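**Student:** Starting off with a structure, shown below.
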Amino acid sequence: MMAVLPLSSESMHSIVMKKTRIRSNYIPGYRRLLRLLFGSPSVETEAFGIHFDNPVGLAAGMDKKGENVPNWEYLGFGWIEIGGITLHPQEGNPKPRMFRSTKHNALINRMGFNNPGSEAMVESLSKQKAKLWASVPVGINLGKSKITPNEQAEEEYAGTLERLWEFADLFVVNVSSPNTPNLRELQAGSELDRILTACNAVNSRLADAASTNPKPILVKVSPDLEDNQLKAVADTAIAQGCTGIVATNTTTSRPAEDKVMNEAGGLSGKPLRTRSTEVIRLLYAHTNGTLPIVGVGGISDVESAWEKIGAGASLLQLYSALVFEGPGVNKAINKGLNRKLKEHGFNSLAEAVGHAHRS
Ligand SMILES: Cc1cc2nc3c(=O)[nH]c(=O)nc-3n(C[C@H](O)[C@H](O)[C@H](O)COP(=O)(O)O)c2cc1C
């Protein structure tokens, strides 16, 4: 029988996060050493007016508290997304709530947005910013507190966005986590419309006050939506002037042949790869490539990354592969992307986006 181990890994994860933070802050030369070992070659690109040294980002959920903001780039990430963060602090679901299938290179989680809440985040991010901040773009993933009913979801998302506005280069409205009851219902047209209207209003007001442009706002979708529902999300996002779509979050479906992975929660990693690519392909075709897509789900090597770019992803993210492949994964992917671009005669990553639709 396949082993599905409770990741005392949540504790492992916390230890690694803490050790990384302490070592990076206090051991001279530690970050330089990480860069030497794991730093990525440049694969420069631009999306929503932001420059990225390479397209591979840290997916939401890994640095939920944003405790290592300046450190991820030393592992070769071209950008990061911290959170999900909710307006109110919350514990999340009872433990254990993170599981690993080494056989399938997959994780199952039902964390339920455990996070310190937006107010505490302002304090900890301010302290960090005063010392050292990321030199790569920083996204913030916005979730919804369990105590906030769906009817008031727009106040929750816009409220968190307002508090954290100064810390983000972009925001992701996460209405697709399977681990908060009924959250995914917020992907439906009128619900999503209300949330984006409220977020846009706050974003514009703060941008005006700071005499700058509003920050990009993206919507993160579930791979479990039907095709027509995905198209409707894209239509709402476009109508609301959203900057892009993140495809995809984790899935509640399970690989058919695997009867053992019966823990409840969202599945990520290798088994998610194909569906997530399908979703990207569908969204790219539906929007004629007009809405930038961040591809995430089962990216673990250059082939899976290239597949997402071909399907229409302008940027990429990964989480599970960091667990299964280790910290060299970004360097390997970016090296491989440079090789692919050359082989296929593309002058830039942007030129390669959606290439599978044209061949
Ligand atoms: C433990 C864990 C926690 C996560 N938390 C969040 C989250 O707070 N917000 C979010 O939008 N996605 C979250 N995700 C989903 C990831 O950002 C990503 O969409 C998903 O894992 C698929 O990518 P992967 O196959 O590279 O892991 C989480 C994933 C895992 C494994």
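The values are calculated or read from the model by the stated rules, or taken from the named source; none is laboratory data. The shown structure was predicted, so the numbers you read here are calculated from the model rather than taken from an experiment. With ideal geometry, Cβ positions are generated from the backbone for all residues, glycine too; neighbour counts draw on all protein chains shown. Only protein heavy atoms, including side chains, enter the accessible area calculation; ligands, DNA and RNA are left aside. Shrake-Rupley method; radii C 1.70, N 1.55, O 1.52, S 1.80 Å.
**Student:** Net charge within 13 Å of THR236 by Cβ-Cβ distance, Lys/Arg positive one each and Asp/Glu negative one each, not counting THR236 itself?
**Tutor:** -1
**Student:** For PHE171, what accessible surface area do you get with a 1.4 Å probe? Give it in Å², rounded to 10.
**Tutor:** About 0 Å², ignoring ligands and nucleic acids.
**Student:** Report in % the part of the accessible area of the stretch 4-358 that belongs to carbon and sulfur, leaving out ligands and nucleic acids; probe 1.4 Å.
**Tutor:** Result for the stretch 4-358: 51 percent of the exposed heavy-atom area is carbon or sulfur.
**Student:** Roll a 1.4 Å probe over the protein heavy atoms and report the accessible area of HIS357 in Å², nearest 10.
**Tutor:** We get 70 Å² for HIS357.
**Student:** Something else now. With a Förster radius of 25 Å, plug the Cβ-Cβ distance of GLU91 and LYS131 into 1/(1 + (r/R0)^6) and report the FRET value to the nearest 0.05. Don't skip to the end; give the middle numbers.
**Tutor:** Values: r = 28 Å, r/R0 = 1.12.
The computed FRET efficiency comes out at 0.35.
**Student:** Ordering TYR26, TYR284 by how much accessible area each has at a 1.4 Å probe, largest first, what is the list?
**Tutor:** Solvent-accessible surface, decreasing: TYR26, TYR284.
**Student:** Give, as a single signed number, the net charge of other residues whose beta carbon lies under 11 Å from the beta carbon of ARG35, with Lys and Arg counted +1 and Asp and Glu -1.
**Tutor:** +2
**Student:** Calculated from DSSP H runs of 4 or more alone, at -39500 (n - 2.57) each and per residue, what is the 222 nm mean residue ellipticity of the chain, nearest 500? Show your work: numbers first, answer last.
**Tutor:** Working: 12 runs with 141 residues, N = 359.
About -12000 deg cm²/dmol.
**Student:** Based on the Cβ-Cβ distance from GLU303 to ASP235, what FRET efficiency comes out when R0 is 25 Å, to the nearest 0.05?
**Tutor:** Values: r = 32 Å, r/R0 = 1.26.
Once rounded, the FRET efficiency stands at 0.20.
**Student:** Holding the Cα-Cα limit at 29 Å, pick out from LYS103/LYS342; LYS18/LYS129; LYS18/LYS146 the pairs that are longer than that.
**Tutor:** LYS103/LYS342
**Student:** Among the GluC sites (Glu not before Pro) within the stretch 63-112, which fall in a DSSP loop and have no more than 12 other Cβ atoms within 10 Å of their own Cβ?
**Tutor:** The qualifying sites are GLU91.
**Student:** If you take every DSSP beta bridge whose two residues both sit in the chain, what share of them, in percent to the nearest 5, is antiparallel?
**Tutor:** 35
**Student:** Put SER314, SER359, SER204 in order of accessible area, largest first, 1.4 Å probe: what do you get?
**Tutor:** On the way: SER314 30, SER359 125, SER204 50 Å².
I get SER359, SER204, SER314, largest accessible area first.
**Student:** Next question, about the same structure. Quick one: putting +1 on the C-beta of Lys and Arg, -1 on the C-beta of Asp and Glu, what dipole do you get for the stretch 121-220 around its Cα centre, in Debye to the nearest 20?
**Tutor:** About 420 debye.
**Student:** If you place +1 on the Cβ of every Lys and Arg and -1 on the Cβ of every Asp and Glu, how big does the dipole about the Cα centre of the stretch 4-358 come out, in debye to the nearest 20?
**Tutor:** 1340
**Student:** So if I take the centroid of the Cα atoms in the stretch 22-96 and the same for the stretch 222-294, what is the distance between those two points in Å?
**Tutor:** Here the answer is 23 Å between Cα centres.
**Student:** Could you state the number of Å between the C-alpha centres of the stretch 145-180 and the stretch 99-123?
**Tutor:** Computed from Cα coordinates, the inter-centre distance equals 16 Å.
**Student:** Just going by the charge dipole of the stretch 4-358, with Lys and Arg at +1 and Asp and Glu at -1 on Cβ, which of GLY112, THR290, LEU218 is farthest out on the positive end?
**Tutor:** Among GLY112, THR290, LEU218, the one farthest towards the positive end of the dipole of the stretch 4-358 is GLY112.
**Student:** Right, another one. Place a +1 charge on the Cβ of each Lys and Arg in the stretch 279-356 and a -1 charge on the Cβ of each Asp and Glu, then give the dipole magnitude about the Cα centre in debye, rounded to the nearest 20.
**Tutor:** Details: 7 positive and 6 negative charges, 26 e Å.
In total the dipole reaches around 120 debye.
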